[in-house]
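**Q** The structure is given below, and queries will be raised subsequently.
The values are calculated or read from the model by the stated rules, or taken from the named source; none is laboratory data. All values derive from a computational prediction rather than experimental measurement. Counting neighbours? That spans all protein chains shown, and the Cβs are built from the backbone with ideal geometry, glycine included.
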């Protein structure tokens, strides 16, 4: 049998189950097509998400809880008598934190009260002296009038004695007047002249006395003019010193300035404190906010008033905090660093900068889920207009 006949026989005798399978190349093509479709659908889905959501928000996990911490410092110098709080203790505004020894403050207040009483009596004396000096001025005026009258009388006596002396002097030459009578006239004139000089000196003295009385009255009036005992400057100054002493006494008890949690307590009983020395801090956890450090390329559409959602590492994804943007910092974090970057150097390398964005939190949510200063947060700001 020829080779061709054998091949034909073999072909005819193969059973139908031995027919060749379709090549694997077609299946692989379908798999790649499905994968490409999935990629395209994923891209379309991501594009739709970015257009509708992603482009309308910016997020960062470089965000931390902060608060305007109140530092407690004494306003007077005194020994510490008692410390009423410890670290981590919640306090309310007005609660007593520290009590200082008030012995010196009480003594200072007593001295100020005594000084006020002295000032009041001294000013009352000014008003009483005013009436007395007014009467004295009137009396000196009467003395001046009397001296003026006495001077006029002495002047008249001097004029009369001069006329008598002139007459007798003229008659003495003819012998009509005796020498004794002329001598008497001369003595009378000298006496009248001396009395006139004395009267004139008395008038000058009366005028000087009245001027001195007027000066004393004016000086006293300057101390009491346009005032009463209560409004007199001396009394007012003494009252101010008393008020200061009373305030210093009240400052021996140091109260919490705000609601919050005590932190960084550094004061101990028996320690003598000075004004301005930190004793402790009060952290207002109920008024916490978040400083989110966004990259500069993320801030194009960030505006004050935009809503924000935040998550805390403390509570995880189950708890969402809500807030709004209340401010953007005046510069980047590196600009306010202790050692700022010197970007003008020749070996400068550009680094993406971050700008702190302050986000206010909902106080009601903070009451339910309190936060602590320094905790890490993830912040998402919705920038869609």
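**Q** Would you check if residue 132 is in a helix (DSSP H, G or I), modelled with pLDDT under 85 and either surrounded by fewer than 18 Cβ atoms within 10 Å (Cβ to Cβ) or not assigned by TED's automatic domain parsing to the domain that holds residue 232 (or both)?
**A** yes
**Q** Any idea which of (1) touching a helix residue (DSSP H, G or I) at 6+ places or on another chain (Cβ under 7 Å); (2) farther than 23 Å from residue 140 by Cα; (3) not in a loop (DSSP other than H, G, I, E, B) is the one residue 184 doesn't satisfy?
**A** Checking residue 184 against (1) touching a helix residue (DSSP H, G or I) at 6+ places or on another chain (Cβ under 7 Å); (2) farther than 23 Å from residue 140 by Cα; (3) not in a loop (DSSP other than H, G, I, E, B), the one that fails is (1).
**Q** Turning to a different aspect of this structure: Specify the residue that is surrounded by the fewest Cβ atoms within 10 Å (Cβ to Cβ); the eligible residues are those in the range 213-242 that are free of Cβ contacts under 8 Å to residues at least 60 places away in the same chain and in a helix (DSSP H, G or I).
**A** 222
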